[in-house]
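Shown next, in structure tokens, is the structure this report addresses.
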Amino acid sequence: MATSMNMAEAAHNPHPPAEVADAPVSAVANQSIRVSVDLLENLMTMVSELVLTRNQLLQMVRSLDNSEFTVPLQRLSHVTTELQEGVMKTRMQPIGNAWAKLPRIVRDLSVELGKKIDLQMHGAETELDRQVLELIKDPLTHMVRNSADHGIELPADRLQAGKPEAGRLVLNAFHEGGHIVIEIRDDGRGLNTRRIRQKAIENGLATEAELDSMPIQQLHMFVFKPGFSTAAAVTSVSGRGVGMDVVKTNIEKIGGTVELKSEEGKGATFTIKIPLTLAIVSALIVESATERYAIPQTSVVELVRVSGDSEMKIERINDTAVLRLRNRLLPLVFLDQTLRLVPATDEIDTQSEKFIVVSLVGSYQFGIVVDRVFDTEEIVVKPVAPILRDIPMFSGNTILGDGSVIMILDPNGIASASSAAAVAETTAVTDDVHHARSGERTALLLFTAGGPEPRAVPLSLVARLEEVDVGQIESADGRHVVQYRGKLMPLVVMRDSFRMRTEGRQPILVFSDQDSTLGLMVDEIVDIVESELNIELRSTDQGILGSAVIAGQATEIIDVGFYLTRAFGDWFRSRTDVPFGQADDRHRVLLVDDSPFFRNLMVPLLSVEGYAVETAETAEGALKRRDDGEHFSAIISDIEMPGMNGFDFAQQVRHDARWAGTPIIAHSSHASAADFARGHAAGFTDYISKADRGALLTSLAQILSGGGNA
């Protein structure tokens with residue numbers, strides 16, 4: 001009755017009530033709904049079971065030739081992958097949710113400690129799995145409180161040291177290779193190395209002789225030992241010796257790592273690297289002592305095969321098994337002995353074939369020796385059984401496509417149990433010193449294609465090395481393609497003289513960036529070497545940057561960008577650190593781009609033109625270089641970047657006298673007239689499309705020669 005009366009009143013009322021007028025806004029608001037977390041967890045569980053069933057079906061079809069189920073299963077696999085990605089997105093939350101309480105905590109600390117603290121948070125929109133987010137909230141809070149209490153000095157002390165009165169505490173989050181990286185950086189007093197040495201000796205953690213030969217970074221890691229503290233007094237803010245070891249333990253429990261870099265008097269930086277999700281991961285399946293195990297792909301750097309007739313052999317130095325890998329001594333861990341599947345022995349079998357999984361844990365690199373390597377597989381992570389929970393080498397278990405249950409290895413636990421981490425760190429630091437003395441070195445992949453002469457490509461650009469059965473290579477639209485991970489991947493060749501194999505398996509270099517994947521067919525993959533890159537002869541051939549002496553031979557360095565645009569004309573139109581070459585110091589150029597692929601692609605191209613190129617992956621990172629007093633002849637900046645975008649970055653540069661006169665070139669995927677106008681209004685000297693690399697080089701040359709805008 002009440003409803004019909006209201007409708008009648010509305011019919012006679014020419015002025016609708018406010019609720020009716022706001023109906024369109026309400027309709028937009030109803031685009032999103034609240035869903036129970038339990039419902040999402042159940043949905044994720046069902047998708048996990050679907051992935052397992054998919055893997056089992058694919059395993060069955062692999063053993064059959066020309067099965068009628070092959071095509072439907074490929075479609076099922078593709079749909080399952082899309083469903084998995086969709087469900088994963090529903091679990092993703094911005095890391096800013098874990099930072100929400102930090103500003104208030106820092107304000108309270110400022111009052112309690114009598115300090116002035118400026119908290120800056122970048123990358124709050126970076127997303128990660130809800131489950132991981134919940135597990136890192138407490139460690140993050142503790143580390144922020146620790147930096148405020150022990151790191152940042154009192155205002156009077158800062159002024160006396162020539163620093164601003166307010167201390168700066170910076171949180172930065174970004175994606176990197178299947179991980180989330182969180183940096184907690186302060187500009188405080190840094191770690192007291194002398195006190196750490198003294199406490200390490202008092203606690204019996206190391207002798208004076210061991211500390212004298214220990215790299216400073218390894219010495220600083222003592223602060224993560226239980227009960228270790230250099231604080232003079234107990235405070236209610238961060239305790240004394242309680243907390244940092246718990247932080248490290250909790251982060252390592254979810255497959256993460258913590259690194260620490262500190263400079264006395266200038267501040268400290270804690271870098272946390274954690275996986276995006278704990279539910280479904282890509283893993284490498286290996287075998288040791290007839291038992292199979294899974295190693296998370298995010299920890300795998302490369303695979304090396306050793307045998308009696310190969311050039312690389314396992315050696316023993318100071319009772320430690322090592323491998324000489326590209327001028328570096330790589331500590332080795334024998335998986336069967338570490339897991340006590342076979343009795344430990346001092347003798348090394350150098351004749352039988354072994355595989356070494358080169359793993360990276362934080363900054364520590366070491367090799368895991370296994371008997372066989374199978375394939376990579378999407379696995380569903382199941383929790384470890386209670387009886388095995390105290391074994392640090394395992395992080396979970398999973399069910400393979402053939403129905404067998406295998407354990408998932410934890411590289412963090414393996415490194416700790418074998419004491420390889422300390423050896424690897426010493427080796428890495430020694431190697432870094434060697435590199436600093438001998439010049440910048442770059443990892444290069446050597447191969448042949450269309451002739452016997454060697455060719456090279458930066459290893460950082462290569463996503464995978466594959467061998468595809470020639471029977472799986474098809475033709476579509478007049479070019480070779482292959483079905484690769486549920487999609488069609490185009491295959492290109494370097495030379496017309498190249499002849500694809502008619503039988504067996506065809507070696508392919510796979511380049512991948514976001515949704516686009518390309519395969520470059522080659523004759524043979526020769527080696528991976530680290531070498532100084534000094535291109536001595538420029539090339540007029542398309543697809544070749546020039547020639548350099550690599551491993552004692554004249555080697556052509558290929559221009560990957562040429563082949564990418566040849567296969568995908570729009571490769572650079574839809575794209576949302578390590579310096580590569582040595583160039584003339586006349587013009588230092590700063591390249592700001594959040595895509596590691598694009599940075600690695602552009603640095604050699606600019607280096608060949610005679611520019612000394614340095615990179616920054618965020619606008620904030622570039623501005624930090626300005627604050628550190630660095631100067632550049634020109635800046636090339638992307639527009640779409642996490643945190644501060646390119647337009648805001650240009651305005652920041654123009655409004656500060658230190659870089660106000662530096663030319664800035666926008667290099668963007670979006671290149672409409674409106675984008676050009678906005679770019680020039682923001683302060684860019686020129687605006688170039690990423691698809692037109694020639695225009696970028698022309699513009700840069702004209703600007704630096706004093707010719708103004710290109």
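Assorted remarks:
- The fewest-to-most ranking of 558, 399 by surrounding Cβ atoms within 10 Å reads 399, 558.
- By the count of neighbouring beta-carbon atoms within 10 Å, fewest first, 459, 545 end up ordered 459, 545.
- Of the GluC sites (Glu not before Pro) found in region 351-385, those in coil by DSSP whose Cβ has at most 13 other Cβ atoms within 10 Å are 353.
- Sorted fewest first by neighbouring Cβ atoms within 10 angstrom, 38, 245, 559 come out as 38, 245, 559.
- Listed by chain and number, the lysines whose C-alpha is less than 16 Å from the C-alpha of residue 624, apart from same-chain residues fewer than 8 away, are 163, 266.
- Cβ-based net charge around residue 359, under 13 Å, with every Lys or Arg adding one and every Asp or Glu removing one: -2
- Interchain or long-range residues, amide H under 5 Å from residue 281's placed H: 379, 381
- Gyration tensor (alpha-carbon) shape descriptor, region 95-275, a/c threshold 1.5: oblate
Every number here is computed from the coordinates shown, using simple stated rules; none is lab data. Everything numeric in this text was worked out from a predicted model, so none of it was measured. In this analysis, Cβ positions are derived from the backbone assuming ideal geometry, glycine residues included, and neighbour counts consider all displayed protein chains.
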